[in-house]
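Visitor: Quick one: the structure is below, questions incoming.
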Amino acid sequence: MKTKLLFAFVLIAAVALVSGCTAETPKVWGYVTAADSAQLELAEEQTGNTSLAVDRVLAPENAWIVVHLDDNGKPGDRVGLLAIEKGESADLTVPLEGVTTEKVIVAVHADRGAEGEYDFNMMEKETSPDRPFFVDGAELAKVVTLK
Amino acid sequence: METMKTNNEPVNMPMPPAATALTESVIAVGGMTCASCVAVVEKTVGKLPGVTGATVNLATERLTATYDPAVADIAAIVAAVKSAGYEPMPLEAAAPAGSASVGKVTLAVIGMTCASCSAVVEKTLGKLAGVTLASVNLANETVAIEFDPTLVGVDGLISAIKGAGYDAIVKVEKVLGATSGSDAQAEAQAKAYAHEKMMFRWSLALSVPLFIIAMVPPFMESIPMALAEWLASTVGGAWDPMQVGKYIMFALSTPVQFIIGARFYRGAWHSLKRMTGNMDSLIAIGTSAAYFFSVATTFIPALQMEPVFYETSALLITFVLLGKLLEARAKGRAGDAIKKLMGLAAKTARVVRGGEEIDIPIELVVTGDTVIVRPGEKVPVDGVVLDGHSAVDESMLTGESIPVEKNAGDTVIGATMNKLGAFSFRATKVGFDTALAQIIRLVEDAQGSKAPVQRFADRISAVFVPFVIGAALLTFVFWLLAGPAIFGASPDPAAVFVLFEPIAMAAATMGWPIAALLVGIAVVVIACPCALGLATPTAIMVGTGKGAEHGILIKSGDALETAYKISAIVFDKTGTLTHGKPVVTDIVLADGHDVTRMFTMAAALERSSEHPLAEAIVARAKADGIELPDVEGFAAIPGHGVEGTVNGMRVTFGNRKLMNREQIEVSAYEQQIRELEDQGKTVMLVGVNGSKLAGLIAVADTLKDNSHEAVERLTAIGVEVYMITGDNGRTARAIAEQAGIASDHVLAEVLPEHKAEEVAKLQAVGKVVAMVGDGINDTPALAQADVGIAMGAGTDVAMETGGIVLIKNDLRDVVTAIELSRSTMRKIRQNFFWALGYNTVLIPIAAIGLLSPFPWMAGVAMAFSSVSVVTNSLLLRGFKPSLARRAA
C-alpha cells in the first residue's frame, strides 16, 4: 500500500508541476446552454450598415444581441447592441454605428452584470459577467455580410 | 485498573509537603498528534489537585500520572484528559507482584454444606506441609490457599480436599495485568488506525478528482463543461462552466473539510479553550483560510470572478492524514520488539490435575502446578525441575545459543524451548511474575519513559504554535502591504528576482491579497511541529527494543541517554570480569607423584572443608572421575589449611605456613610459587606423611572469555576502564593485566561499602561513570554511578538494580549497550534535524512565496517530515553490535 501511495503522491506532484506550466484560455469561456434554449436566426447577407435585422432570437435569460466588426475572423470593436428579454424575440432591428468592415459578427451575450448595463470587456473576457452563450461547444454567433 | 505502587522516582511537578504514598496510573491516550498535544495533556492533568506528575509518551500514546490517591483519582484524570479533547483509556496494569516463594490459589470446593464443612477443609489443608493459609468462603464455595510451592503442589491440595470427602477444582479468575491493558490499547489503536485509513481513502477519493478539476488543464475545462452541458440540457438555462467547476469542487471538498477534517477542528477547539495551539490548530487555520475564501468566491456574486483554492484545503488534509497513517504504521513497527517477546510465550501447558495430565491454557497454570514438558515443547512458565532431565534452549531470553542442561532441582524459564529429554517441573512463577513477563514489563516501561532530551522538544513545541501563527499573520500582512509597494500592484514576474517569481506571478494573476493569503496558508501548515514530538520517543522505542533483542534491558530513556556520555566504566572484579568461581589453574607435581594421587588426597580432605577454594579442588577431582576415599581425623587449621588421614597416609593441604608447621621443605618450589602468586593465583601445597611435598595446586578465579575483548573495545571507543575489588593489590593487578586494564586503573582492597565512594571520586573529577556489577553486593555503587549496569544470569536478573540490566553474563554487552545508546542518541539528534530542519528551512521558503503555485505542497512537506523522522528511527532496527556474537 505504501508504495502505491508514494507512487500516487509522486504522480500528483508531477501532474501539478506540469499543469502549473500549461494553463491556457479555455475553449468555452461563456455560458453553456442547450440548442433548444438559445438560437439566433438572421439573414447572412443584409443591405446597409446602419442597422441589422434579426429574424428571431431565443435566449435562456435576459440577454444582449451584440454586433462586432470582423477583425480577420475574430470579433473586433463593438458596433451594435440591443437588450432582449428571456425567451423568444422576433423581427428585431439592431442599430449599428461605425461599421468599417464588410462583415460583422453577431453574438448573443447574457446580461448577468448590472441589469441593463452591458458589462463585457474583451480584454477580460473570461471574467466579465456578460459573456456570450455557447451551444455545442461553440459561441452562439453568426457572421453577416453587409452590402 | 491502575498500577498501585509507591513512587520513589522524581516527578516533574513539585512534590507535596507531606510524604504520602503516591499512586501511579498509566492511561492510554488517543487523538494526540504532536508535541503540543503532549504539552496540553501534561499541563491539564498536572494542574489537577493531588497530581504530582504527568508524563506523556507520544510514541506509545500513554500518559503516566503520579498522584496522591487521597486527593485525586483515576476518574478525575480521565475526565481531565477527555475535557482536553483526547480519548483516555485507563490501562489494566500489573498487579503488585507477590513474593516469589508464596503460591496462591483459589479452589472451588464442591460439597460443602455448612460451617463445619468449611472447618474440615481448612483443617485438612492446614495440616499439609507448606500450606500457610487456608480460608474457606462458604458463600462462594471457595477456599483461598497460600502455600509454599516447593513443598506442596496444587494437585496435592486438591487430593487432600478430595481425601476429606469433597471435590475441588481450580477456580479460574480473569488475570488482571499489563497484557490485558496493552491488548485493549492495541485493539483501540488498531481500530483508530482502521478508521484513519478509511478516512484517508475517502479523503483521497475526493481530493484526486478535485485536484484534477482544479489543476489538470484538459480536465479542468472538460469536466465542468460536460456537467454544464448536461445541466443545460436537463435543467435548462445557461451555465457558466467556471462556476460549475467551483460547485463541483465545493461539493468534493466540503466533506473533506468538515467530515474527514472534523478532527482538526475538534483538536483546535480544545486547544483554543486552553489558549494553546497544536498541529490541529495549524491545519484548521490553514485549511479554513483556503476553504472559506473559496466558498466566498463561489457564492458571493461580487467575488465570483476570483479563483478558488478548494484543492489546497482538501489536499492539505489528505496529505496530513497520509503522513499520520504512515507514521502510525511505522510507530507500530517500532514496538515490534515487545510483540516479538510476547510471541515467545507458550499458549498451553500440560499439567497434572487430579492425577491426570491435561492440556490447559497457560493463563490457567497456577503456582504449584506440576507441569509436564515433552521433547520439542516450550516450557510454559517458570519453575523448578522435579523429575527427568533434558537440555533447554534459553537463547530466546538469554541469547546463549548453547542449550542448558536441566536436572532435578534446576530452574527452568518459561518460553524457553525444551530439546530432547522430557521432564516435569513445579511451577513457581506464573502470569506476570515469570521472567518473560518481567522482561516485557521492563521493556514496556522503558519504551514509555521520557528521556531528558525530550524536554528540549517539549519546550520548543510549547512556543512553536503561537510563533507560527504569528509568523503566518506577519507574512500575510507583509505581502499584502509591502508586495504592491515593492513589486507594483501588477508585477511582471519576469522582471523580479528569481526567488520572488512565484509570488509575483500569483500577484499578477490573482492580485496581492490572494497571493498574500496563499503564502500565509503555506507558512501555517508547513511549520507544524508534529515531527518534533516523535523525534525522541520513536528512537527510544526502537533503541530499547533493540537492546532487549540482544539481552540488554535498558530500564529507562534516562539510562539510554546517559549511557552515550559514559567516559569511565568501573567493573566489579569478582563475578563480573571473572567467573566468580575459583578453578584449578596449575598443578606442579613433586617427583614420584601423579595428578590422580595428589587430587585423591587433596580433594578427599577438601570435601569436608567449607572453604570456597575447596570447591575448585573437589570439582576438578570430580571432573577427572577420581573416586574420593574416606578421611579419618579431619581437622581444619584456621589460617593454614586442613589435615587428615587418607588411605592410611597423613595428608596436610594448605599454605606455606602449614608446610612450615609440618616442617616440610618447599624452598625448591619457592620460585614457582611466587610466579603463580604474582599471577593472582592462590597456591595450596600438599604434604604427605608430615615429611614430603607431593605437589602444589594453584587455584584462581579466572577471567571470563570475553572480558579482555570487551575491555579492549571499550578502550578503543574512548572509555576509560577501571576495576574495583576487595582483593589485594597483587591479585587485582594480575587479573587487570589479563583483562587489559591499566594497573593505575585498579581500585583494590575496596570494601563493598566503599565502592560507591570510589565511583563518586571518579565523578568528582568530571567523569561520567558507569558501574558494572552483579547487582546485589554492588547496589550502592550501581546507584551512585551515572549509569548502573547490572549483570544478570538467566532468571536471576537483578532487575531492580541499575539502569541497564544485562541478561547474559557477557561483558561485551556493556560495549553493545554503550554503542546502542550512542546510535540512539545519534538518531535522536538526526530526528531533531529532520523535524526542526524542515521548519527552519521551509518556513522562509513558504514565507517568500516559493510555494505560492502549490500551497498544498506544504501538507506534503509536513507529512514527509513526520514520516522521515519515524522512518529514521526505524533504521535503528538495523543496529548491529560491533563485537561478534559467540559462535553457536
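The values are calculated or read from the model by the stated rules, or taken from the named source; none is laboratory data. Bear in mind the structure is a predicted one, so any value in this text is a computation, not a measurement. We place every Cβ from the backbone using ideal geometry, glycine too, and count neighbours over all the protein chains shown. Side chains are part of the model used for accessible areas, which takes the heavy atoms of the whole protein and leaves out ligands, DNA and RNA. Shrake-Rupley method; radii C 1.70, N 1.55, O 1.52, S 1.80 Å.
Visitor: Does any residue of segment B:216-238 lose at least 50 Å² of accessible area with all protein chains in place compared with its chain alone, and if so which ones (probe 1.4 Å)?
Guide: Residues losing area: B:P217, B:E221, B:M225, B:A238.
Visitor: Using a 1.4 Å probe on the protein heavy atoms, what percent of the accessible area of the protein assembly as shown belongs to carbon and sulfur?
Guide: On the protein assembly as shown, the fraction of accessible area on carbon and sulfur atoms equals 58 percent.
Visitor: Also: Let's see if you can work this out: charge +1 on each Lys and Arg Cβ, -1 on each Asp and Glu Cβ, no other charges. What is the dipole magnitude of chain B about its Cα centre, in debye to the nearest 20?
Guide: 1960 debye
Visitor: Computed on protein heavy atoms with a 1.4 Å probe, what is the summed buried accessible area for the chain pair B and A, in Å² to the nearest 100?
Guide: Approximately 2400 Å², summed over both chains.
Visitor: If you don't mind, another one. Just want the answer: with Cβ charges of +1 for Lys and Arg and -1 for Asp and Glu, which residue in B:N689, B:I212, B:V443 is farthest toward the dipole's positive end in chain B?
Guide: Looking along the dipole axis, the top candidate is B:I212.
Visitor: Would segment B:577-672 count as rounded, prolate or oblate if I go by the C-alpha gyration tensor, calling it rounded below 1.5 in a/c and otherwise prolate when a/b exceeds b/c, oblate otherwise?
Guide: Rounded.
Visitor: Under a Cβ-Cβ cut-off of 13 Å, what is the net charge of the residues other than B:D624 that fall near it, where Lys and Arg count +1 and Asp and Glu count -1?
Guide: Within the 13 Å Cβ shell, the charges total +1.
Visitor: Sticking with this structure for a sec: Ignoring everything except DSSP H segments at least 4 long, calculate the 222 nm mean residue ellipticity for chain B; use -39,500 (n - 2.57) per segment, divide by total residues, nearest 500.
Guide: On the way: 28 runs with 416 residues, N = 888.
Only helices count here, giving -15500 deg cm²/dmol.
Visitor: Could you give the dipole magnitude of the protein assembly as shown about its Cα centre, charging the beta-carbon of Lys and Arg +1 and that of Asp and Glu -1, in debye to the nearest 20?
Guide: For this selection, approximately 1380 debye.
Visitor: Which Cα, out of B:G718, B:V588, B:P629, lies furthest along the positive dipole direction of the protein assembly as shown (beta carbon charges, K/R +1, D/E -1)?
Guide: Final value for the positive-end residue is B:P629.
Visitor: Each residue of segment B:419-433 in order: what ³J(HN,Hα) in whole Hz does its phi give by Karplus 6.51 cos²θ - 1.76 cosθ + 1.60, θ = phi - 60°, with x for Gly and Pro?
Guide: Computed from phi, the couplings for segment B:419-433 are 8, 8, x, 10, 7, 10, 9, 8, 5, 10, 9, 10, x, 8, 9 Hz.
Visitor: Next question. Relative to the longest principal axis of chain B, what angle (0 to 90°, nearest 10) does the C-alpha long axis of helix B:310-334 take?
Guide: Helix B:310-334 sits at roughly 10 degrees to that axis.
Visitor: Could you report chain B's accessible area per residue, 1.4 Å probe, as an integer in Å²?
Guide: On a per-residue basis, 41 Å².
Visitor: Pull up all non-local amide H partners of B:T52: gap of 5 or more, or a different chain, and H-to-H distance under 5 Å with H placed in the peptide plane.
Guide: Correct list: B:T66, B:Y67, B:D68.
Visitor: Another one. Mind ranking A:120-127, B:540-547 by how tightly packed they are, going by the mean number of other C-beta atoms within 10 angstrom, highest first?
Guide: On the way: A:120-127: 11.8, B:540-547: 29.4.
Output ranking for A:120-127, B:540-547: B:540-547, A:120-127.
Visitor: For B:R650, which sequence-distant residues (separation of 5 or more, or a different chain) have an amide H within less than 5 Å of its own amide H, given hydrogens modelled in the peptide plane?
Guide: For B:R650, the qualifying residues are B:N689.
Visitor: Karplus couplings for segment A:39-46 from phi (6.51 cos²θ - 1.76 cosθ + 1.60, θ = phi - 60°), rounded to Hz, Gly and Pro as x?
Guide: Calculated HN-Hα couplings, in order: 9, 9, 10, 7, 6, 7, 10, 9 Hz.
Visitor: Average partner chain C-beta neighbours within 10 Å, per residue of A:32-41?
Guide: Rounded to a whole number, the mean comes out at 5.
Visitor: Now a separate question. Relative contact order, percent, of segment B:670-823 when contacts are C-alpha pairs under 8 Å separated by at least 6 residues?
Guide: 15 percent
Visitor: Roughly how big is segment B:216-343's charge dipole about its Cα centre, with Cβ charges of +1 (Lys, Arg) and -1 (Asp, Glu), in debye to the nearest 20?
Guide: On the way: 11 positive and 8 negative charges, 221 e Å.
The calculated dipole for segment B:216-343 is roughly 1060 debye.
Visitor: How much length would be gained if the chain were fully extended between B:L473 and B:D148, taking 0.36 nm per residue of separation minus their Cα-Cα distance, in nm to one decimal?
Guide: Separation in residues times 0.36 nm, less the Cα-Cα distance, equals 109.8 nm.
Visitor: For B:T142, which sequence-distant residues (separation of 5 or more, or a different chain) have an amide H within less than 5 Å of its own amide H, given hydrogens modelled in the peptide plane?
Guide: Counting only residues 5 or more places away or on other chains, the set is B:V109, B:N137.
Visitor: Another one. Separation between the B:L272 and A:E85 pseudo-spin-labels, each 7 Å from Cα along Cα→Cβ, expressed in nm?
Guide: According to this spin-label approximation, the distance is 5.1 nm.
Visitor: What list of ³J(HN,Hα) values in whole Hz, one per residue of segment B:754-769 in order, does the Karplus curve 6.51 cos²θ - 1.76 cosθ + 1.60 (θ = phi - 60°) give from phi, with Gly and Pro shown as x?
Guide: Result, ordered by residue: 9, 4, 4, 5, 5, 5, 4, 4, 5, 5, 5, 8, x, 8, 8, 10 Hz.
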